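Asks: Encoded as C-alpha cells, here's the structure I'll be asking about.
A short reminder: the numbers here are calculations on the coordinates, not readings from a lab. Keep in mind it's a predicted model, so treat the numbers as computed, not measured.
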Amino acid sequence: MAKANDKKASKAPAKAASKAAPMSRGEVVDTVAAQVGLTRTQADDAIKAYESTIQRALVSGGEVRLPGFGSFKTGFRAARAGRNPLTGDPLTVAASTTVKFSASAALKSAVNGDSGKKSIGNGNGKASKGGGASKGASKGGGASKGASKGASKGAAKGAAKKGKK
C-alpha cells in the first residue's frame, strides 16, 4: 500500500515552497506612490477613489470590467436551511448579495508565470470547451466507448500486421 501512496504523491502538482506574505494597504499605497510619482497621501486618495467607484457600481447592481485584470459583479444567494454547528439546531440562513471577482486571462497567465503567453483558448483562436480531451473522449465523461474501442482495434490491427511480416 505504501507504493500506491508514493505514486499518488508523485502525480500531485508541486506547490510553491512558500507563500509571500499578504501585502498590507500601506505597502500597496507605497508601491503605487513610487510607480506613479505621487506622494503617499495622493496615492492613498487615488486608491480610495478607485475602491469607492467599484463599490458604488456594485451597490447599484452594475458590473465593473477592467481589461487585463478582471471583472467584479454581484451575485444572489437565496435563503437556505442550515444548522448551528455547536448545537445542531436547524436554522435559516438569510438571503444575501455577494461580490464575485473573475480574473482575466492575462492576470491568470501572469500568476501562473506565463509571461508572454495568453492562456485562453486552444491555440486555434477559439476557446476550448470541456476538459481538453478530444471530441470523442469528452462526450462520455472520460474515454468514451468509441474512443477506447478505436484505440484497442488499432492496437490489435498493428499487432496483426507485425505478425504477418
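Asks: On full extension of the chain, what length is gained from Arg77 through Glu63, given 0.36 nm per residue of separation minus the C-alpha to C-alpha distance? Could the numbers behind the result be given before it?
Replies: Details: separation 14, 0.36 × 14 = 5.04 nm, distance 1.71 nm.
That pair, Arg77 and Glu63, stretches by 3.3 nm at full extension.
Asks: Counting only residues 5 or more places away or on other chains, whose amide H sits under 5 Å from the amide H of Gly70 once H atoms are built in the peptide plane?
Replies: Those qualifying (amide H under 5 Å, at least 5 residues apart or on another chain) are Ser104.
Asks: Got a sec to turn the phi values of region 49-63 into Karplus ³J(HN,Hα) couplings, 6.51 cos²θ - 1.76 cosθ + 1.60 with θ = phi - 60°, whole Hz, x for Gly and Pro?
Replies: Each residue's phi maps through the Karplus curve to give 5, 4, 5, 5, 5, 5, 4, 4, 5, 6, 5, 7, x, x, 10 Hz.
Asks: Is there a pair in Lys19/Lys48; Lys48/Lys100; Lys48/Lys73; Lys48/Lys108 whose C-alpha atoms are over 22 Å apart, and which pairs would that be?
Replies: Numbers: Lys19/Lys48 27 Å; Lys48/Lys100 20 Å; Lys48/Lys73 19 Å; Lys48/Lys108 25 Å.
The pairs that break the limit, which is 22 Å between Cα atoms, are Lys19/Lys48; Lys48/Lys108.
Asks: Determine the gain in length on full extension of the stretch Lys108-Arg40; use 0.36 nm per residue of separation and subtract their C-alpha separation, reporting nm with one decimal.
Replies: On the way: separation 68, 0.36 × 68 = 24.48 nm, distance 2.91 nm.
Extra length available between Lys108 and Arg40 comes to 21.6 nm.
Asks: Residue separation times 0.36 nm, minus the C-alpha to C-alpha distance between Thr98 and Lys19: what's the value?
Replies: Details: separation 79, 0.36 × 79 = 28.44 nm, distance 2.71 nm.
Value of the extension gain: 25.7 nm.
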